[in-house]
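Structure first, commentary second.
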Amino acid sequence: METLDPRVRLVWITGALVTAGVLALLGFGVRRFGVPFPETAIVGVVTLAAVAGVVLALLRYRVWRFEVRGDSLYLVRGVLTRTDTSVPFVRVQHVDTRRGPVERAVGLASVVVYTAGTRGADITIPGLTPERARTLRERLRDLATESELDAV
Amino acid sequence: MTRLHPLSALTDAVQRALQFGSFALFASIMLSGPLGAVDFLPALLLAPLGALLGAGYAVARYLRFEYELGPEHLVVTSGVFSRQEREIPLRRIQNVDVSRSLVQRALGLATVRFETAGGSATEAELDAVGAEDAERLRHEVGERVRTVRDGERSTGAAVADDVGAVGTGGAAGATGTKGATDESKYVDSSTDTRAETLYEISPGDLLVLSAISFRPGAIAAPVFGAPFVGDAVTEGGLLLFRFLGGGREGGATDPLAAAFTAFVGLVAFAIAVWVASAALTYARYYDFRLERVADELRYERGLLGRYSGTVPLEKVQTVSVGENVAMRRLGYATLSVETAGYAPGSNRAGGAETTIPLAARGRVLDLARDLQPFGEPTFERPPTRARRRYAIRYALVSVGLAALVFGASLLWTPLPAVAAVVPLFGLALAPVAARAKWRHRGYDERERAVLTRSGFWYRNTRVVPYYRLQTVFTRRTIFQRRWDLASLTADTASTTSIVGGDATAHDIDGDAADGLRERLLDRLREDLSERRRGSRGRSERGRSGTGGRRDGRGPTDDAGDEVGDGTGTAEGSGL
């Protein structure tokens, strides 16, 4: 099973810190308007959110794995809820690579697999090097096309 | 190019005049009153001015809206300020829906909506045309769509369109251009399409349905009615209290009287919701009928407004049989189909169509089997440890509620701390509830489809044919991992999966879940290749016009065409 690039933790941690920052802004903003939240409580909550976010990011990295199997793409992810996902190649509509701003700063990319399903409409594999993302995308596309032709 | 019906301009004008006029009135009141910017009398002129503007706009829209039905396209030009011309290729049209509100019925109008495959909104809307024109349009578009599609099919490789008709055994899907003999029994007299009535709700069933259904919107009724009848209810409650209580006067400070009145109020509320719900259901499903026309299911319903919609059979993803507690006791059930495509018009609940609102369970199962064959299911329930898990969960909820009530009683003195005991009664009910929940959950891996079932108050049994499977997930929450349980979800292309729930086998054994996931993927592959082989064989033999498949396959034989945009596994589509 393939694991993600360790740098993806930076991406996730950045996300967690941004969320904590937004919470802090909200908390202090609300205080400005007169709601009596004690300052220590806001700081406490924000710190808790930040710490939880960081811990989750680290744990999430340890769980995330994927594998290109015979007829499907298999992923394992999730800390609180462990999800095993199997995407049959014959159901893959198209595959994209995507690079968000934080990803680009860290030098990573994601691959997004689109199906016609609703819950699994798009499956994202984050934390890949741009080179790996490109080869994976092309591999998945080939497998998807092959599976369509693969009939009697 | 034809215009819409002139009366629609009138109704639209009235509507917009009221809209613009009242907005202008509000604005003028605001301007002259609190804002004090303008004097009152001149400000009042804004209202009729606004109304005129509204009416004028409606008339302009009417004059600028034209449509034309050509042999291969439907062309609609519209727009007052920004002109828009839209050309819709007929082969993209999946459904033609005709709806008639109460006002429209009085005036002889109807609104026609055209929906296309995979579109995110109604592709074109003719609001409103004459009633006969609407039916004619639907009929003509239907015929031309079929002609175009058949033309494509005979030139391109075969996309199997075997639609072994329900009960008649003939391929009702063979259209006029192939010259197939008319094999369906019924001819719809008004539109002369080969329509076969599958189901009509009987008055008795409609009453039963109204009595046992719950419409969430019904809650609005007592909420809005409370100001009017609230006093009467409290007076009535007090009277009843005095009558039953003998000597007690039931003054304002009598807690028992207050509790009793509150109880009476609650009962009145429940009754109001029930009556409103029944009325809404009755009006919604009045004269519900389900027909099959070629390769579509068509339903019609409504007491005040009359609505009709179509379900193209090839878009059907899953079939579900729903039964609430009352239905199970009485031997009734509901049938719904879930389709791919995203067009939630006013008549669609996001892709799930109720094809049979209520019928005897046997009848519902028969029709479900016509759409997707499956035998007598034997459900595999979750392991017994799941029951213990549910019991613990319910017990925790009871304790949690008790703690909440206790905490609230500390903060709010009128609430006695003893009230915290009430939720604790739930502890006794926890094992019963757990057993009920467990009993109605399960899955069944069958030859052509997988069935999942869950729910006590409303039990939903979903049939997912293997060739409709998309992604398969197994989920394990922290708690499930402790019990070595997992939930498996079979994703499909139907759009209700997000809101209405999906085909999930809840709380199955952890190892069994992984095995099941692998097997489902295998079956998907096998089922798809079998269909391809089968359809190629059929196209080589040539169309014989009689329902070919005798292996119990359902009428929807399009191989894996889950979203009608030709991607995925549409064989012969120019690969």
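The values are calculated or read from the model by the stated rules, or taken from the named source; none is laboratory data. Not measured: the values here are computed from a predicted model. Note that we place each Cβ from the backbone using ideal geometry, even for glycine, and neighbour counts take in every protein chain shown. For the accessible areas, the whole protein counts, side chains as well, though only heavy atoms, and no ligand, DNA or RNA atoms are used. Shrake-Rupley method; radii C 1.70, N 1.55, O 1.52, S 1.80 Å.
A few notes on this one:
- Test for B:LEU52: is it without any contact (Cβ under 8 Å) to a residue 40 or more places away in the chain and open to solvent by 70 Å² or more (accessible area, probe 1.4 Å): yes
- Residues considered: A:VAL76, A:VAL87. Of these, the only one that is closer than 30 Å to B:GLU526 by Cβ and touching an Asp or Glu at 6+ places or on another chain (Cβ under 8 Å) is A:VAL76.
- Residue that is surrounded by the fewest Cβ atoms within 10 Å (Cβ to Cβ), among those in segment B:253-282 that are closer than 11 Å to B:VAL233 by Cα and aliphatic (A, V, I, L, M): B:LEU266
- Cβ-Cβ contacts under 7 Å between residues 6 or more apart (or on different chains), taken from a first residue in segment A:132-145 that is assigned to a helix (DSSP H, G or I) to a second residue that is at pLDDT 90 or above and open to solvent by 30 Å² or more (accessible area, probe 1.4 Å), are listed as A:ALA133/A:THR97; A:ARG134/A:THR97; A:ARG137/A:THR97; A:ARG139/A:VAL68.
- Long-range neighbours under 9 Å by Cβ, at least six apart or interchain, first residue at positive phi and at pLDDT 80 or above within segment B:118-144, second of a type in the set (Phe, Trp, Tyr) and not in a helix (DSSP H, G or I): none
- Those strands (runs of 3 or more DSSP E) of segment B:45-115 in which 3 or more residues are within 30 Å of the chain's Cα centre (by Cα) occupy B:73-78, B:84-89, B:93-100.
- So B:GLY515, is it modelled with pLDDT under 90 and more than 10 Å from chain A (Cβ to nearest Cβ): no
- Matching entry among B:ALA58, B:ALA51, B:ALA47 (being in contact with a Lys or Arg (Cβ under 7 Å, 6 or more places away or on another chain) and not aromatic (Phe, Trp, Tyr)): B:ALA58
- Matching residues in segment A:118-141 - criterion: being within 14 Å of chain B (Cβ to nearest Cβ) and either out of contact with any Leu (no Cβ under 9 Å at 6 or more places or on another chain) or farther than 30 Å from B:GLY501 by Cβ (or both): A:THR118, A:ARG119, A:GLY120, A:ALA121, A:ASP122, A:THR124, A:ARG141
- Scanning segment B:1-43 for residues that are closer than 25 Å to B:ALA124 by Cα, of a type in the set (Ser, Thr, Tyr) and open to solvent by 60 Å² or more (accessible area, probe 1.4 Å) gives a single hit, B:THR2.
- One residue stands out in segment A:68-107 among those that are loosely packed, with under 15 Cβ neighbours inside 10 Å and small (Gly, Ala, Ser): the one that is nearest to the other protein chains (Cβ to nearest Cβ), namely A:GLY70.
- Contact annotation: no residue pair with Cβ atoms under 8 Å, 6 or more positions apart or on different chains, pairs a residue in segment B:511-522 that is within 12 Å of A:ASP84 (Cα to Cα) with a partner that is in a helix (DSSP H, G or I) and not small (Gly, Ala, Ser).
- Residues being modelled with pLDDT of 80 or more, open to solvent by 40 Å² or more (accessible area, probe 1.4 Å) and of a type in the set (Ser, Thr, Tyr) - total across segment B:185-239: 2
- Close contacts from segment B:406-421, counting a first residue that is more than 19 Å from B:LEU256 (Cβ to Cβ) and a second that is part of a helix (DSSP H, G or I) and among the β-branched types (Val, Ile, Thr), with Cβ to Cβ under 7 Å and a gap of 6+ residues or different chains, come to B:ALA420/B:VAL405.
- Checked against the criterion of being at the interface with chain A (Cβ under 10 Å from one of its Cβ atoms), in a helix (DSSP H, G or I), in contact with a strand residue (DSSP E or B) (Cβ under 8 Å, 6 or more places away or on another chain) and over 22 Å from B:PRO383 (Cα atoms), the candidates B:ARG532, B:ARG525 yield just one match: B:ARG525.
- Matching strands (runs of 3 or more DSSP E) fully within segment B:247-335 where at least 3 residues are hydroxyl-bearing (Ser, Thr, Tyr) and over 30 Å from B:GLY230 (Cβ atoms): B:306-312
- Criterion violated by A:VAL51 - all others in (1) within 30 Å of B:ASP507 (Cβ to Cβ); (2) more than 14 Å from chain B (Cβ to nearest Cβ); (3) among the hydrophobic types (A, V, I, L, M, F, W, C) satisfied: (1)
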